[in-house]
Amino acid sequence: EAQVTQNPRYLITVTGKKLTVTCSQNMNHEYMSWYRQDPGLGLRQIYYSMNVEVTDKGDVPEGYKVSRKEKRNFPLILESPSPNQTSLYFCASLMRGANVLTFGAGSRLTVL
Amino acid sequence: AQRVTQPEKLLSVFKGAPVELKCNYSYSGSPELFWYVQYSRQRLQLLLRHISRESIKGFTADLNKGETSFHLKKPFAQEEDSAMYYCALSPHSSNTGKLIFGQGTTLQVKP
């Protein structure tokens, strides 16, 4: 089944403890992106990647890192999480030219 | 600045009533507009896009460039329409896959 897979789906952590949220897609999509969803703010883009080894900042990149070493994977790294990064995170991908995103199921992160 | 505004956080209607979820955008060029929907415990998914000009699950949306709006409408709401709805904009020539989302509107259809 063509899909975007995120892990973990739920995570509770403490301030400063590095964590990684993985994202993998099996559709050979060039483009991948991370969003965070917060009440009243909608979905905001964190980082995106046009292809392998090509990444760029979205609207709210502070406190996050990403990498794109392989086409299928696009992990989101929080080097030193803080409580304001408590949120629901979505990974998404699309084929170039298609302009329709396929979303993962979401990862709910709580930073204490 | 590119912006999508959904003025209603929550829209509550009774089953069978008409529904209109409002979406206004700010963009200087010719954008592509979308509606995405998130049902309870499901992934965010595309509902419809303006270039398709189709009706999905009874919903339609017309792009009004004069009013810079892309309101989502359904003549008779069903309980299964209850969900979070996001309006989104893609700059026409971006080819980056970048979408700008509104704040979202929760639609609650009561029996």
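The values are calculated or read from the model by the stated rules, or taken from the named source; none is laboratory data. Here the structure is a predicted model, which means the values were calculated and not measured. Virtual Cβ from ideal backbone geometry, glycine too; neighbours counted across all protein chains shown. In case anyone asks, the SASA skips ligands and DNA or RNA and just uses the protein heavy atoms, side chains included. Shrake-Rupley method; radii C 1.70, N 1.55, O 1.52, S 1.80 Å.
Would you work out the relative contact order for chain A, in percent, from Cα pairs under 8 angstrom that are 6 or more residues apart? Show your work: numbers first, answer last.
Values: 299 pairs, mean separation 40.3, N = 112.
Relative contact order for chain A comes out at 36 percent.
What percent of all Cα-Cα pairs in the protein assembly as shown falls in each 10 Å bin, counting up from 0?
Percent of pairs per bin, in order: 8, 33, 35, 20, 4, 0.
Could you compute the FRET efficiency for B:Glu54 and A:Asn7, with r as their C-beta to C-beta distance and R0 at 41 Å, rounded to 0.05?
Working: r = 35 Å, r/R0 = 0.84.
Efficiency at R0 = 41 Å is approximately 0.75.
To the nearest 0.05, how large is the calculated FRET efficiency for B:Gln108 and A:Asp56 if R₀ is 41 Å and r is the Cβ-Cβ distance? Spell out each step's value before the answer.
Numbers: r = 37 Å, r/R0 = 0.91.
Computed FRET efficiency for B:Gln108 and A:Asp56 comes out at 0.65.
Please go through the stretch B:32-111 and write out the GluC sites (Glu not before Pro) that DSSP classes as loop and that have at most 13 other C-beta atoms within 10 Å. Don't skip to the answer; put the middle values down first.
Values: sites: B:Glu32, B:Glu54, B:Glu67, B:Glu79, B:Glu80; in loops: B:Glu54, B:Glu67.
Passing both the DSSP loop test and the Cβ count: B:Glu54, B:Glu67.
Run through the stretch B:27-93 and list the chymotrypsin sites (Phe, Trp or Tyr not before Pro) located in a DSSP loop whose Cβ has at most 10 other Cβ atoms within 10 Å. Please report the intermediate quantities before stating the final value.
Details: sites: B:Tyr27, B:Phe34, B:Trp35, B:Tyr36, B:Tyr39, B:Phe59, B:Phe70, B:Phe76, B:Tyr85, B:Tyr86; in loops: B:Tyr27, B:Tyr39, B:Phe70, B:Phe76.
Hits after loop and neighbour filter: nothing returned.
What residues from the stretch B:39-63 fall in the zone where the backbone N is under 19 Å from a label point 7 Å along the Cα-to-C-beta line of B:Glu8?
Taking a point 7 Å out along Cα→Cβ of B:Glu8, the residues of the stretch B:39-63 whose backbone N falls under 19 Å are B:39-40, B:47-48, B:56-63.
Find the sum over both chains of the accessible area lost when B and A are paired, probe 1.4 Å, and report it in Å² to the nearest 100. Walk me through the numbers on the way to the answer.
Working: alone 6550 and 6140 Å², together 10870 Å².
Summed over both sides, the interface buries about 1800 Å².
Using only C-alpha atoms and all pairs of different ones, pull out the Kirkwood radius for chain B in Å with one decimal. Please report the intermediate quantities before stating the final value.
On the way: mean 1/r = 0.0711 Å⁻¹.
Kirkwood hydrodynamic radius for chain B: 14.1 Å.
So what is the relative contact order for chain B, in percent, with contacts set as C-alpha pairs under 8 Å and at least six apart?
Details: 270 pairs, mean separation 42.5, N = 111.
After rounding, I find 38 percent.
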